[in-house]
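The values are calculated or read from the model by the stated rules, or taken from the named source; none is laboratory data. Computed from a predicted structure; not experimentally measured. Note that we place each Cβ from the backbone using ideal geometry, even for glycine, and neighbour counts take in every protein chain shown.
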């Protein structure tokens, strides 16, 4: 519970949840390279540092998105995708001062003791509006997920909201 509370604090922004699981437009085909640090303080570039397997990127914008991320990752892992895919979560936070970034990273790190979760959580301090535009993300009301093909930045499936059994079948089909 402490983990979720700390992650919730780290996100700063509050929004409204939309649980509609319609698919996003298939027009955007490449995941943009974004830099961040995982919670073990290692610099990572998404998707470039995760090309050995198909990559599932779960993007969160709001502090209350963490339960949606957790439920989606649990479904993926319970169905064996943790073995066949790289699965990462990317909390996106508007670029701010370095001091604020260090503080937020520390808060999140303090709430997560599991090294596996720390490794797969890549915090991205970015221009969120540009990022959303690049991926045609219309709002920050829910999480968005992207399946990126092995050895590329090509998006082969995407959606929003909690990943469902139907979407799991789609992910498994690639």
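What residue, of 92, 123, 142, is crowded, with 20+ Cβ neighbours inside 10 Å, assigned to a loop (DSSP other than H, G, I, E, B) and either free of Cβ contacts under 8 Å to residues at least 12 places away in the same chain or under 16 Å from the mean Cα position of the chain (by Cα) (or both)? Spell out how you get there, then give the answer.
On the way: 92 fails: assigned to a loop (DSSP other than H, G, I, E, B); 123 fails: assigned to a loop (DSSP other than H, G, I, E, B).
Selected residue: 142, the only one of 92, 123, 142 that is crowded, with 20+ Cβ neighbours inside 10 Å, assigned to a loop (DSSP other than H, G, I, E, B) and either free of Cβ contacts under 8 Å to residues at least 12 places away in the same chain or under 16 Å from the mean Cα position of the chain (by Cα) (or both).
Taking the criterion of being surrounded by 15 or more Cβ atoms within 10 Å (Cβ to Cβ) and more than 21 Å from residue 54 (Cβ to Cβ), would at least one residue in segment 154-172 satisfy it?
So far as segment 154-172 goes, no, none of its residues is surrounded by 15 or more Cβ atoms within 10 Å (Cβ to Cβ) and more than 21 Å from residue 54 (Cβ to Cβ).
From (1) part of a helix (DSSP H, G or I); (2) touching a residue at least 24 places away in the same chain (Cβ under 8 Å); (3) more than 12 Å from the chain's Cα centre (by Cα), pick out the condition that doesn't hold for residue 137.
(1)
Across segment 51-85, what is the number of residues that are more than 24 Å from residue 139 (Cβ to Cβ) and free of Cβ contacts under 8 Å to residues at least 60 places away in the same chain?
7
Among residues belonging to segment 26-41 that are out of contact with any helix residue (DSSP H, G or I) (no Cβ under 8 Å at 6 or more places or on another chain) and surrounded by fewer than 19 Cβ atoms within 10 Å (Cβ to Cβ), point out the one that is modelled with the lowest pLDDT.
Going through the qualifying residues, I end up with 26.
Does residue 109 qualify as being outside any loop (DSSP other than H, G, I, E, B), at pLDDT below 95 and surrounded by 17 or more Cβ atoms within 10 Å (Cβ to Cβ)?
yes
Take the residues in segment 78-89 that are farther than 17 Å from residue 135 by Cβ and within 15 Å of the chain's Cα centre (by Cα), then tell me which one is modelled with the lowest pLDDT.
The residue in question is 82.
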